[in-house]
1. Does Arg512 satisfy the criteria of being at negative phi, among the charged types (D, E, K, R) and crowded, with 23+ Cβ neighbours inside 10 Å?
2. Are any residues in the range 423-442 touching an Asp or Glu at 6+ places or on another chain (Cβ under 9 Å), in a strand (DSSP E or B) and not hydroxyl-bearing (Ser, Thr, Tyr), and if so, which ones?
3. Of the numbered conditions (1) farther than 25 Å from Ala231 by Cα; (2) at pLDDT 75 or above; (3) of a type in the set (Val, Ile, Thr), Val46 fails exactly one; give the number of that condition.
4. Assess whether Gln631 counts as being over 32 Å from the mean Cα position of the chain (by Cα), part of a loop (DSSP other than H, G, I, E, B) and modelled with pLDDT of 65 or more.
5. Go through (1) in the same structural domain as Asp340 (by TED's automatic domain parsing); (2) at pLDDT below 90 for Gln571 and report which single condition fails.
6. Of all residues in the range 306-332, count the ones that are among the hydroxyl-bearing types (Ser, Thr, Tyr) and part of a strand (DSSP E or B).
7. Test Glu225 against the criterion of being out of contact with any Pro (no Cβ under 7 Å at 6 or more places or on another chain), modelled with pLDDT of 85 or more and not assigned by TED's automatic domain parsing to the domain that holds Val467, and give yes or no.
Amino acid sequence: MTSLRFEFDSLARRFSWPARVVADVARALDDAVHRPALRRGAKAGVDFACAALAVVSAIALSHGFVRYSAQEIATLSLLVGLLLVFADTLAGSYRTIWRYTGLPEALALTFASMFVLTALLALRALGVVDFYLATLVLIVMFMLLFCVAVRGLRRWSRATAIRGVWQVAAPRRVMIAGAGRHGLSIARELTAGSVPGLELVGFLDDDPAKQDMVVNGVPVLGSLEEALPLAERRAVREVIVAMPDAKREVVRAFGRRLEDVGIRVRAIGGIARFVQGSDVHRPGRVTLDELLAGTTPRRSVPPSDRRRVLVTGGAGFIGSHLTRMLLARGYHVRVLDRFDYGRAGLNGLVHPRLEILSGDVCSSRDVSRALRDVHGVIALAAIVGDPACNLDPEETVNLNYTATKVLIEACSFYGVRRVVFASSCSVYGASTGSDVLTEQSRLNPVSLYARTRVLSENILFDRAGDVEPVVLRLSTVFGLSPRMRFDLVVNTLTVRAVVDHKISIMGGNQWRPNVHCRDAARAFIRVLEAPAGLVAGEVFNVGGDNLNHTIADLGNMVATIVGGVEIAQQQDIADPRDYRVSFEKIRNTLGFEPEFTVAAGIREVAAAVRLDPMLRDYQNAIYHNVQALKQSFLTPRRRRTDWLPGAVPAASARASASA
């Protein structure tokens, strides 16, 4: 493999001379041209040259040198060049640095080409231009081809320079956005040589008083608006945003502009919002070592493994759906599960791209083996539900919190790109009044389960390193699953209504958000596949605004759909949770809307219970986390055999429960 890569690099160097020429010319322009107006003029000059070359090439191809004089060809070249520059100016191509890729640049080039063609045809119709129609069309085609080629070569030269295709052992050149105390602290560490192989180029800062100054021996190069030209001119590969008090939207927009041209952006956050209680889901801090260096060089994932996903708890209520959906979308799926609730979730599922590892998410050994060549992780494994967590608080903290620490640190060590973590809307606890809770609402966990979710969210963001963490706070889940559960409120009410024709409602005025298990699985995939700029470091509530219901409403809905059901109302409220949740963020950011209503889920479960005698035995321990875990906690722990897809022990020990 090493020799093959060497041969490929040799071929790339041999045949990449056009890109190197473009890169050298562009770098010379970057070094010589400092003012934005002159940079725009240089870009316009390149487009003008493309237009002139297109005229000469088209006339030569159509044997026009015999018919047209040199003066006519020069006049047409001047005309076409000016038309192209004018059209590109209208389209906004010269407002910022060329990105050379993406839809905006493609649209700008298309508009400019159509504008030039229309103008030439109009001038020909007026008799101002005396050239064949085919020649004019050919000129525009060549012009578009040359413009695309120049932009493509420039973008490729920039990307290969960043990756170091023809630069051996080049230092990582870094700029710091923000010359305040946070930026100065990082600069002192870097200039002291604490991170080998890294070169600090300078600061960016919008404070006019700091412009053109040298702070602790490091120059302030310009404002944030000038980040793109400055980064390209100085071959910067990373930008550290040291502005913890800046608005998140400003930092995100700044980062996207740089990431669009292949420059890596990292931001450090402050703890002010956490202290004030408005950002409780993201306390903690990022160390300089985690921010810049990491504990080990990040490996490059082979192309064949870039769609390999690890699902912890993949045999569970949501995981069994998620595993099947990922396989259907072409992923290689690796499941890590202790099978405390049995193998029903994966029974009958045989697929060449499916690997099943029987192991414990609390074991660094099992987690390390499961993370080999993995590109993304969906973390579902946990002891779920308040009663189940109360069985053994020590075991709950170990699995629901300590295991998260093991997972995120292992992911950072092995270079996993993204971790999507299953949290719960129960972190909001009991809301006050008629408030609809958002991701920024104050957290008020009232149970051990909810507290472990808050702790896990915190440690996930705090220890992420280079990983892109995303937290999904799930609503109360319902629906039919290969690993069926009858300890969830909608499912419990439905099965009791079908089998016993009687249901009990405790209190009834408590609000609950709800989501179908298949919709929850869809949300995990949506987040896994979303661009980093949209989801990395974010928290999303998962559900639908129309799926917020009171317990009493759920009971009445079940009784109406099933029919012939007696409702026993009890005022004693054993569960203090009461909250309505907003799902505007995931809807607006990712376009996610649930496909299943609660009524559809009730009909689905009711039909399955009527058809399957095993489901009518709803009190069986396999359908209830508490009963299953009671048996598991009484069983002595055993050593399991790893990497045997067909072998799952009959008895399970106390550990990872499938979500």
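1. Values: at negative phi: yes; among the charged types (D, E, K, R): yes; crowded, with 23+ Cβ neighbours inside 10 Å: yes.
Yes.
2. First pass over the range 423-442, keeping only residues touching an Asp or Glu at 6+ places or on another chain (Cβ under 9 Å): 423, 426-427, 429-431, 436, 438-441.
Then keep just the ones that are in a strand (DSSP E or B); that gives 423, 430, 436.
Matches in the range 423-442: Ala430, Val436.
3. (1)
4. Numbers: over 32 Å from the mean Cα position of the chain (by Cα): yes; part of a loop (DSSP other than H, G, I, E, B): no; modelled with pLDDT of 65 or more: yes.
Judged against the criteria, Gln631 is not a match.
5. (1)
6. Within the range 306-332, the subset among the hydroxyl-bearing types (Ser, Thr, Tyr) is 312, 320, 323, 331.
Remaining after also requiring part of a strand (DSSP E or B): 312.
Residues that pass the stated criteria total 1.
7. Numbers: out of contact with any Pro (no Cβ under 7 Å at 6 or more places or on another chain): yes; modelled with pLDDT of 85 or more: yes; not assigned by TED's automatic domain parsing to the domain that holds Val467: yes.
The answer is yes for Glu225.
This table checks each residue for (1) within 15 Å of Val46 (Cβ to Cβ); (2) surrounded by 18 or more Cβ atoms within 10 Å (Cβ to Cβ); (3) at pLDDT 65 or above; (4) under 24 Å from the mean Cα position of the chain (by Cα).
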{"site": "Ile139", "(1), (2), (3), (4)": "no, yes, yes, no"}
{"site": "Met143", "(1), (2), (3), (4)": "yes, yes, yes, no"}
{"site": "Gly152", "(1), (2), (3), (4)": "yes, no, yes, no"}
{"site": "Trp166", "(1), (2), (3), (4)": "no, no, no, no"}
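The values are calculated or read from the model by the stated rules, or taken from the named source; none is laboratory data. Just so it is clear, the model here is predicted, and its values are computed rather than measured. Using ideal geometry, Cβ is built from the backbone for each residue, glycine included, and neighbour counts are taken over all protein chains shown.
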